[in-house]
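Read the structure below first, then the notes.
The values are calculated or read from the model by the stated rules, or taken from the named source; none is laboratory data. Computed from a prediction, not measured in an experiment: that's the story for all the values here. Every residue, glycine among them, receives a Cβ derived from its backbone with ideal geometry; neighbour counts consider all protein chains shown. Accessible surface is based on the protein model in full, side chains and every heavy atom, while ligands, DNA and RNA are left aside. Shrake-Rupley method; radii C 1.70, N 1.55, O 1.52, S 1.80 Å.
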Amino acid sequence: MLFGMSKLFLCKKLYVWCFCSALILLTPACWATEALLWITSDGRPSQEAMQAIGILINADKEALLPEDYQAQLLREGFGQIKAGNKPAASDLPALDAALTFSMQNFLADLHIGRVDPRKIQENFAALTTDQFNPATYLRTAVSEHRLAEAVSAAAPGVPLYARLRQALASYKIIAKNPAWNTPLVIFPLKKLEPGNHYQDLAVLAQRLLALGDLASAEALPGRYEGVLVDAIKAFQERHNLVADGVIGRQTLAYLNVLPSTRVRQIEVTMERLRWTPVLENPRMITINIPEFVLRAYQVHEQGIDVQGKMRVIVGKALDTRTPIFEADMQFIEFSPYWNVPSSIATKEIVPKLKQNPHYFEDQDFEFVSVAGGQVINVLTDKNLQAVSRGELRIRQRPGPKNALGDIKFVFPNNDHIYLHHTPAPQLFRQDRRDFSHGCIRVEDPVALAKFVLQDETQWDEIRIVEAMKAGQSTTLKLNKPVRVLITYSTVISKTDGRTFFYSDIYGQDKMLDNALRKRKNQDHFVQRISH
């Protein structure tokens, strides 16, 4: 009766319309041709029916809305027939179909998300296509009496998702804590430093205790010192602030963020994880943009191990954002050339060369003809004009001044994004690291190369470093490509139970939140269940 939704984002609204129209137009005789999924032959709800309703009632645990699936209405309808209040025989198929429809929508939302990411993120490249069919999936799960297991399996398989589900439950409890009834202030102090007296120590302690940064509120000091300072340092670390124990303007602002706001941030992150591919490849590299962190994973039957972690620098939030996508790393370039993108050449390099001709030689630049690949080492106005016309391009020779550093990790993609080192490693000490033109700079390229080449025994650390320092560009094709996944999560819940929050530097959370709220206002059920 109900058709599948493998192209869910394109047909969900049509699906709602078709189903509701069917409820209105089909006669009892038509309904009778379809076996009921949730109601037994004696007209009573099956065990799976009550289990399904319980799942929908608790949809908020998955950062979904029970009202989107008419959970309460279904509970009332099935509750009536469970209590022995028999509806008309013609009403049973409609009630059965309504639960089927709600469960299919729930499974689809749980598995692939409530909004199409390509419609809200201009720099989003489609990730792995998922041919999930909720109609077939649901009917199979019910027939095999494994509905709970199937729902669990439909949720994102990314390990972070399960930990965020726990964090969501915790922050919903925290949101009820009265410690946030009034905002914290430190006036007349400009900042609260260790050793200062502070009139709201009790409230501060209550917040830190609720958040888990303070272990106990017993034997608190009479001023801002000791365990309270340590708790603030823990709080600052979890919010990507300088962990110095000083409560300044930014730390105070974060302390005043309502837990309900963090609840929404977690919910938005869980929605985004529904678009994220499962870590299935034997080795994977992920870059989380708001966190400015790269992780290297080894995937095996026993689980997923983090083999390496390092800081990264990503694209500028203002105008050169790093896109979100996945691709296979296929090459490593040692002592690479930097082929300056035409946009950077015309907007930045050419004006600099006109102002300071010595910049050409100082930075080891050269011209290369687009047509024949001829190398030209002479700076002239004619050559600069040829760059502006697209006849010549500028490239930087390998060496200590090269903008890519001494190694480049290539995973071919339409945006020409890659990983590379940098001659300016001091930028990794910054807390916020969106400085690049879109490509991603890595803090420890040798460690990353060792991870990528770990199955190629001839490439040990000595040989890697030698190739990086050779000053002559060479390209190595990988025998085993490594999947690279660029993601965007402003909440990270770690295995030790701590939850970390990061700034929405690209405004992606805001866009997704708006899209989810808009969807809530536009999509609603119009069918009515009769009793």
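See the values below:
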item: For the chain, convex hull of alpha carbons as volume per residue, Å³; result: 210 Å³
item: Per residue accessible area of the stretch 387-518, 1.4 Å probe, in Å²; result: 48 Å²
item: Positive dipole terminus of the chain, leading residue within ILE344, PHE235, ASN479 (C-beta point charges); result: ILE344
item: Amide H contacts of GLN307 (H built 1.01 Å from N, under 5 Å, at least 5 apart or other chain); result: ALA296, TYR297, GLN298
item: For the chain, size of Cβ-based charge dipole, Lys and Arg +1, Asp and Glu -1, in debye; result: 980 debye
item: Spatially proximal aspartates and glutamates relative to LYS86 (Cα-Cα < 18 Å; intrachain offsets below 8 disregarded); result: ASP42, GLU76, ASP96
item: Alpha-carbon centroid distance for the pair the stretch 291-328 / the stretch 204-277, whole angstrom; result: 25 Å
item: Environment charge at ILE247 (Cβ cut-off 12 Å; Lys +1, Arg +1, Asp -1, Glu -1); result: +2
item: For peptides 375-382, 295-302, sequence by mean Cβ density within 10 Å, most packed first; result: 295-302, 375-382
item: Gyration tensor (Cα) of the stretch 262-352, equivalent ellipsoid semi-axes in angstrom; result: 31, 21, 11
item: Using θ = phi - 60° and Karplus 6.51 cos²θ - 1.76 cosθ + 1.60, couplings along the stretch 275-290 (whole Hz; Gly, Pro as x); result: 8, 8, x, 5, 6, 10, 5, x, 9, 9, 10, 10, 10, 9, 4, x
item: Distant-in-sequence amide H partners of MET329 (H built 1.01 Å from N, under 5 Å); result: VAL482, ARG483, VAL484
item: Value of [θ]222 nm, deg cm²/dmol, for the chain, DSSP H segments ≥ 4, -39500 (n - 2.57) each, nearest 500; result: -11500 deg cm²/dmol
item: Residues whose placed amide H lies under 5 Å from that of GLU225, excluding near-sequence neighbours; result: GLY195
item: Helical segments meeting 18 Å axial Cα length and Kyte-Doolittle 1.6 threshold in the chain (DSSP H); result: 8-25
item: Antiparallel DSSP beta bridges within the stretch 297-447, as percent of all bridges there, nearest 5; result: 85 percent
item: Lysine-lysine proximity count for the stretch 397-529, Cα under 24 Å, sequence distance 8 or more or distinct chains; result: 13
item: Accessible area of the stretch 397-531 belonging to carbon and sulfur atoms, whole % at 1.4 Å probe; result: 47 percent
